[in-house]
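A.B. asks: So that we are looking at the same thing, I have put the structure below in structure tokens.
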Amino acid sequence: MHQQELHTGVSVIICCYNSATRLPLTLGHLQSQEVPADFLWEIILVNNASTDKTVSLALEWWNRAHPPNAQCRIVDEPRPGQMYARKKGAQEARYECLLFCDDNNLLDKNYVFNAWQTLKQQKLAGAAGGQCHPVSDCSSFPYWFDTFKEKYAIGIPAETSGDVSHRGFVLGAGLVTRKSLFLSVFNERYPSLLNGRNEERLSTGDDFEYCKRLLLWGYSLYYNEDLKLAHFIPKERLTLSYRDRLMEGIAAATQILTLYDEALSIRRKTKHKNKWRLLLLTPIRIYLARKGLSDRHLPTEQLVFFYLSPFNIKSDPVRTSIKKFLNKQ
């Protein structure tokens, strides 16, 4: 694994689609960040095809607010979809350390500096995240919210700071990663299969896809308990109709994410074994399993052969894309 040197500095990327009503709180918490006197950082607002006052509101705020040691700028990404916006922000970033802050994330006052320290210390981590707590403008959360809160990107992933690769993801809200790594994972050869929220559609899973791709390339995921944020959930997103639309988007993404988990399982199963020996043995194992002469699981053996084989074997197009990414073809 090769990573660029992590120089001092953080690029905070906020992807916005019609975010005017949500941005003031988010920007207010960024204004309150506490960083060392010599620590430089920036805020990049990616205007993702907004039709409201998102840009004018941000410009008004930046003309009167001066976050410590921060520069602020706006870039446009006309293609609707959160992943397109995140990639645009990464391309524009000045610093290697990226922090993806959603337009309704209220970062703890030390989040920006702690994000940089986390990557500096955890050199094998592809991405890091923290703990996320809900806040809202409603009088109380609905009775069903506790059951569905993880679907709203709420939770504490572990009891203490440490490697959470076994979970398969860290939340996209407040996710910290490296610019060079993010752009390598989503370069032109490996387009994202999940592009995130698209205008009013509640498609999702692009952050989870990123984490699973990192794991496929051998990076780890890290949880830092000092990375704390509040996720502002307006009352309009706490209705049954919104919840059900959200669950539909999650269900659609899960179909693809499950195939990533399948590939990860095969990678863990084979990474310490001789690839060429397995390629020779697996067709025999497939034959024996098909004939009922072995207790080996036939679909698993077929997947092992598919992912290890250097040949183009006809398969599900998503699996084919994942194999191409895994083998860096």
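The values are calculated or read from the model by the stated rules, or taken from the named source; none is laboratory data. Fair warning: this is a prediction, and the values are worked out from it, not measured in the lab. Cβ coordinates were reconstructed from backbone atoms using ideal geometry, including for glycine residues, and neighbour counts include every protein chain displayed. Accessible surface areas use protein heavy atoms only, side chains included; no ligands, DNA or RNA. Shrake-Rupley method; radii C 1.70, N 1.55, O 1.52, S 1.80 Å.
A.B. asks: Of R197, R178, R189, which residue is modelled with pLDDT of 95 or more and among the basic types (K, R)?
C.D. replies: Working: R197 fails: modelled with pLDDT of 95 or more; R189 fails: modelled with pLDDT of 95 or more.
Going through R197, R178, R189 in turn, the sole match is R178.
A.B. asks: Across segment 60-83, which residue is least open to solvent (accessible area, probe 1.4 Å) among those that are out of contact with any helix residue (DSSP H, G or I) (no Cβ under 7 Å at 6 or more places or on another chain) and of a type in the set (D, E, K, R)?
C.D. replies: Just the residues of segment 60-83 that are out of contact with any helix residue (DSSP H, G or I) (no Cβ under 7 Å at 6 or more places or on another chain), to begin with: 60, 62-64, 66, 68-71, 73, 76, 78-81.
Restricting the remaining residues to those that are of a type in the set (D, E, K, R) gives 60, 64, 73, 76, 79.
Details: E60: 112, R64: 158, R73: 55, D76: 95, R79: 124 Å².
Ranking the qualifying residues of segment 60-83, first place goes to R73.
A.B. asks: So N69 passes all but one of these: (1) more than 19 Å from C15 (Cβ to Cβ); (2) out of contact with any Phe, Trp or Tyr (no Cβ under 7 Å at 6 or more places or on another chain). Which condition number does it fail?
C.D. replies: The one condition N69 does not meet is (2).
A.B. asks: Quick check on my filter: what residues within segment 159-188 are among the acidic types (D, E) and in contact (Cβ under 8 Å) with a residue 40 or more places away in the chain? Break it down stepwise before answering.
C.D. replies: Residues of segment 159-188 that are among the acidic types (D, E), as a first pass: 159, 163, 188.
Selection gives D163 alone.
A.B. asks: Of a type in the set (K, R), closer than 30 Å to F182 by Cβ, out of contact with any strand residue (DSSP E or B) (no Cβ under 9 Å at 6 or more places or on another chain) and outside any helix (DSSP H, G or I), is that true of K323?
C.D. replies: Numbers: of a type in the set (K, R): yes; closer than 30 Å to F182 by Cβ: yes; out of contact with any strand residue (DSSP E or B) (no Cβ under 9 Å at 6 or more places or on another chain): yes; outside any helix (DSSP H, G or I): no.
Taking the combined requirement at face value, the residue does not satisfy it.
The rows are residues; the columns are (1) open to solvent by less than 60 Å² (accessible area, probe 1.4 Å); (2) not hydrophobic (A, V, I, L, M, F, W, C).
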| site | (1), (2) |
| --- | --- |
| G218 | yes, yes |
| N224 | yes, yes |
| E236 | no, yes |
| Y242 | yes, yes |
| A252 | yes, no |
| L259 | yes, no |
| N274 | no, yes |
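A.B. asks: Continuing with this model, one more query. Quick check: is even one residue across segment 15-25 closer than 19 Å to K179 by Cα and assigned to a loop (DSSP other than H, G, I, E, B)? Before you say what the answer is, go through the steps one by one.
C.D. replies: First pass over segment 15-25, keeping only residues closer than 19 Å to K179 by Cα: 15.
Checking the rest, the ones that are also assigned to a loop (DSSP other than H, G, I, E, B) come to none.
Checking segment 15-25: not a single residue is closer than 19 Å to K179 by Cα and assigned to a loop (DSSP other than H, G, I, E, B).
A.B. asks: So, one more: Answer yes or no as to whether S165 is more than 27 Å from E42 (Cα to Cα), of a type outside the set (D, E), at pLDDT 95 or above and touching a strand residue (DSSP E or B) at 6+ places or on another chain (Cβ under 7 Å).
C.D. replies: Working: more than 27 Å from E42 (Cα to Cα): yes; of a type outside the set (D, E): yes; at pLDDT 95 or above: yes; touching a strand residue (DSSP E or B) at 6+ places or on another chain (Cβ under 7 Å): yes.
So S165 passes the test.
A.B. asks: Working carefully through the options I44, I14, find the one that is farther than 12 Å from V112 by Cα, touching a helix residue (DSSP H, G or I) at 6+ places or on another chain (Cβ under 9 Å), in contact (Cβ under 8 Å) with a residue 60 or more places away in the chain and of a type in the set (V, I, T). Before you say what the answer is, go through the steps one by one.
C.D. replies: Working: I44 fails: in contact (Cβ under 8 Å) with a residue 60 or more places away in the chain.
Criteria check complete, one pass: I14.
A.B. asks: Right, something else. Report yes if some residue within segment 286-308 is more than 30 Å from Q117 (Cβ to Cβ), open to solvent by less than 30 Å² (accessible area, probe 1.4 Å) and polar (S, T, N, Q); otherwise report no.
C.D. replies: Checked against the condition, which is being more than 30 Å from Q117 (Cβ to Cβ), open to solvent by less than 30 Å² (accessible area, probe 1.4 Å) and polar (S, T, N, Q), segment 286-308 yields no hits at all.
A.B. asks: Would you confirm, using the coordinates I've provided, whether P67 is more than 24 Å from the chain's Cα centre (by Cα) and assigned to a loop (DSSP other than H, G, I, E, B)? Step through it out loud before you land on a result.
C.D. replies: Values: more than 24 Å from the chain's Cα centre (by Cα): yes; assigned to a loop (DSSP other than H, G, I, E, B): yes.
Against the criterion (more than 24 Å from the chain's Cα centre (by Cα) and assigned to a loop (DSSP other than H, G, I, E, B)), P67 qualifies.
A.B. asks: Considering only segment 146-168, how many residues are open to solvent by 30 Å² or more (accessible area, probe 1.4 Å), of a type in the set (V, I, T) and in a loop (DSSP other than H, G, I, E, B)?
C.D. replies: Count: 2.
A.B. asks: Now, a different point. Take A251 and decide whether it is touching a helix residue (DSSP H, G or I) at 6+ places or on another chain (Cβ under 9 Å) and within 26 Å of F169 (Cβ to Cβ). It would help to see each step written out before you state the result.
C.D. replies: Numbers: touching a helix residue (DSSP H, G or I) at 6+ places or on another chain (Cβ under 9 Å): no; within 26 Å of F169 (Cβ to Cβ): yes.
Spelling it out, it is not the case that A251 is touching a helix residue (DSSP H, G or I) at 6+ places or on another chain (Cβ under 9 Å) and within 26 Å of F169 (Cβ to Cβ).
A.B. asks: Surrounded by fewer than 17 Cβ atoms within 10 Å (Cβ to Cβ) and among the aliphatic types (A, V, I, L, M): does that describe A49? Outline the logic, then answer.
C.D. replies: On the way: surrounded by fewer than 17 Cβ atoms within 10 Å (Cβ to Cβ): no; among the aliphatic types (A, V, I, L, M): yes.
No, not satisfied.
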